[in-house]
Amino acid sequence: MIVVSDTTPLITLLKINRLDLLQKLFGVVYIPQGVFAELTSNSDFYEEANEVRGCEFIRIQDVNPDEVSLFRRTTGLDLGESEALILTDRIKADLVLLDEVRARQIAKNIGFNIMGTIGIFRAAYKKSFISADEIRGVVDALRSSGRHIGEQLFNDLLDSL
């Protein structure tokens with residue numbers, strides 16, 4: 001399975017020290033250069049940046065900056081989201097990992113298969129890579145730290161465990 005990721009799912013998994021779930025679920029994950037830059041440019045997240053840099057299952061890909069510029073102007077998405085969607089199309093990825101609502105809507109309209117962080121948790125739970133208690137604790141911690149996880153989405157996740 002070919003998988004491309006935007007920044008937010010990676011940041012979330014880095015925050016909870018579970019980036020390993022991506023390797024367990026998908027083997028290799030491709031990210032565009034813009035996503036890599038977002039993940040590694042903030043000096044406040046030195047350890048997380050080093051984890052990404054040393055992560056053997058994350059593969060960084062360049063995309064055409066002219067395509068990205070046009071896509072950004074057309075859609076209003078940020079650099080990472082735009083590059084992730086362009087890369088998804090270019091390498092004919094089976095799945096794109098996105099959390100932002102607008103990016104997900106655009107990806108869905110294009111016809112891409114989408115999974116967000118909650119979907120990653122659900123898939124990891126089904127494969128016994130993470131426990132229901134760990135998911136509950138992680139989602140509560142993420143929500144209390146200011147990450148937006150909608151009540152309905154959270155309840156749907158809990159109901160599926």
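When +1 charges are put on Lys and Arg Cβ atoms and -1 charges on Asp and Glu Cβ atoms, the dipole computed for the chain relative to its Cα centre reaches about 380 debye. Were the residues from Met1 through Leu70 laid out at 0.36 nm apart, the gain over their Cα-Cα distance would be 22.0 nm.
The convex hull defined by the C-alpha atoms of the chain has an orientation-averaged projected area of 9.2 nm². In terms of packing, defined here as the mean over residues of other Cβ atoms within 10 angstrom, the peptides 68-76, 32-40 line up highest first as 32-40, 68-76. Here the stretch 1-66 is treated as a sphere whose radius is the Kirkwood value from Cα pairs; by Stokes-Einstein at 10 °C and 1.306 mPa s it diffuses with a coefficient of 132 µm²/s. Under the simplified labelling scheme, the Tyr46-Asn109 pair shows an inter-label distance of 4.3 nm, with each label point 7 Å from Cα along Cα→Cβ.
Where does each of Ser5, Ser160, Ser128 land when they are ordered by accessible area, with a 1.4 Å probe and the largest first? Write out the running numbers ahead of the final one.
On the way: Ser5 0, Ser160 50, Ser128 100 Å².
I get Ser128, Ser160, Ser5, largest accessible area first.
Each principal axis of the stretch 46-121 carries a Cα extent, and these read 35, 30, 23 Å when sorted largest first.
Springs between Cα atoms under 10 Å define the GNM used for the chain, and in it the highest mean-square fluctuation of Tyr125, Tyr46, Tyr30 occurs at Tyr46.
The values are calculated or read from the model by the stated rules, or taken from the named source; none is laboratory data. Here the structure is a predicted model, which is why all the values come from computation and not from measurement. Neighbour counts are summed over all protein chains in view; Cβ atoms, including those assigned to glycine, are modelled from backbone coordinates with ideal geometry. For accessibility, only protein heavy atoms count, side chains too; no ligands or nucleic acids. Shrake-Rupley method; radii C 1.70, N 1.55, O 1.52, S 1.80 Å.
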